[in-house]
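The block underneath contains the structure these notes are about, expressed in structure tokens.
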Amino acid sequence: MNENKELKLTVASSPHVNSPVNTRSLMMDVLIALIPALCFGVYFFGPRALVMTIVSVAGCEFFEWLYRKLLKKPQTMGDLSAAVTGVLLAFVCPVALPYWALLVGDFFAMFVVKQLFGGLGKNFLNPALAGRAFLMLSYPVYMTTWVKPGVSNWFGIAASVNDAVTAATPMNTMHGSTVAAATLPWLGDCGSTLKDLFIGNVGGCIGEVSALALIIGGVYLIWRGVIHVRIPACYIGTVAVITLIFSKGNPHFEWMLSQVLGGGLMLGAFFMATDYVTSPCTPKGEIIYGVGCGLLTIFIRYFGGYPEGVSYAILLMNVCTPIIEKFTHPDRFGVSKEELKAAKKAAKAAKKGGAEA
């Protein structure tokens, strides 16, 4: 009898499913998938890349704790969602960014974008990308100071931006390419090859330079069932098809590969666009969402003032997610299309009759 009194009975509605998968385990898989990109970032940009990532994670965790402490809400630091935001925000920033500026981005991502809207599951924008957009608007010089990669030229942990050995990025070079251009875009100021773009030996943000590392992480997430292949496949596929057709006077296949491998496309497709909260959950919605991200990315790259369009493309599609889900939700189980159509017609007639009355 004493043993039975200690048992706790939880009453809940069906379905009653016991699963080891929870928010913490999903976020842990994402962190594991980001390790290859972090390793490549540290290899090419030096220990400052690792320090920046640690600072960003600590900042996001602190600001989440502070907000919930001030408002006397239950702490959610243990779910690792803030840690993922911290890593991703560091990954979409140049290694020369001052630490204080990175913490400003952490504050905006956690306080304004995530917690003010209710916390995890209620934000309508990706916090890391919103933080990057805020930093781009606030500190454009810092956010566009790119460090030349190379083990022999590591950027110091405590060095200032003025100490950085800067270099043009492939996206900057390709953005200046015109229809009349006769040379390949990576033969410009950045001096990069397709091999450099694939491995990551190019200027850019910490975690976006190595397509190889990001593909490894993306495959891991798909294998673990954390993300579906639809969004990244449609996103990358749309960019590949459009750039293959419209190559701006450059060799079609090489131009397409440089657009796919360069910039933040791989990071955005596998780790940003697939965010559970800000992306559709229906199969048709994921396809529309991925294609939309690809179209907007190319539109910004080709016609916008910025050489890169991944961040803004995903943020714009984040806003469109509710309406995408509204028009792509599946039919109710057990109801045929004819019955559903008849029910909608009857409801419309009833609403019209009530208005006339």
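The values are calculated or read from the model by the stated rules, or taken from the named source; none is laboratory data. Fair warning: this is a prediction, and the values are worked out from it, not measured in the lab. For neighbour counting, all protein chains shown are included, and Cβ atoms are generated from backbone atoms with ideal geometry for every residue, glycine included. With ligands, DNA and RNA removed, areas are computed over all heavy atoms of the protein, side chains included. Shrake-Rupley method; radii C 1.70, N 1.55, O 1.52, S 1.80 Å.
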Assigning unit charges at the beta carbon (Lys, Arg +1; Asp, Glu -1) and nothing else, what dipole magnitude in debye, to the nearest 20, does the stretch 13-138 show about its Cα centre? 300
Förster-model FRET efficiency, 56 Å R0, Ile32 and Lys344, C-beta, rounded to 0.05: 0.75
If I compute solvent accessible area with a 1.4 Å probe over the protein chains, what percent of it on the stretch 240-357 is carbon and sulfur? 70
Looking at the calculated P(r) for the stretch 82-134, what percent of the C-alpha pair distances fall above 14 Å? 43
Rounded to whole Å and sorted largest first, list the principal axis extents of the Cα atoms in the stretch 212-357. 64, 37, 23
Using Cα-Cα distances under 8 Å and only pairs 6 or more residues apart, what relative contact order does the stretch 31-142 have, in percent? 26
What spacing in nm lies between the two simple spin-label points modelled at Phe111 and Glu254, each 7 Å away from Cα in the Cβ direction? 4.9
Measuring from label point to label point, each 7 Å out along Cα→Cβ, what is the Trp100 to Lys122 span in nm? 3.3
Please state the charge dipole magnitude for the stretch 216-357, taken about the Cα centre, from unit charges on C-beta atoms (+1 on K and R, -1 on D and E), reported in debye and rounded to the nearest 20. 580
Order of exposure, largest accessible area first, which applies to Phe270, Phe62 with probe 1.4 Å: Phe62, Phe270
Direction-averaged shadow area of the convex hull around the Cα atoms of the stretch 213-272, nm²? 4.0
Solvent-accessible surface (1.4 angstrom probe) belonging to Met77, in square angstrom, nearest 10: 70
Just by accessible area at a 1.4 angstrom probe, what is the order of Glu325, Glu338 from largest to smallest? Glu338, Glu325
Pairs Lys284/Lys341; Lys69/Lys284; Lys195/Lys248; Lys72/Lys284; Lys284/Lys348; Lys114/Lys337: which are spaced more than 28 Å apart, C-alpha to C-alpha? Lys69/Lys284; Lys72/Lys284; Lys114/Lys337
Using r as the Cβ-Cβ distance of Val319 and Thr193, and R0 as 30 Å, what FRET efficiency do you calculate, to the nearest 0.05? 0.20
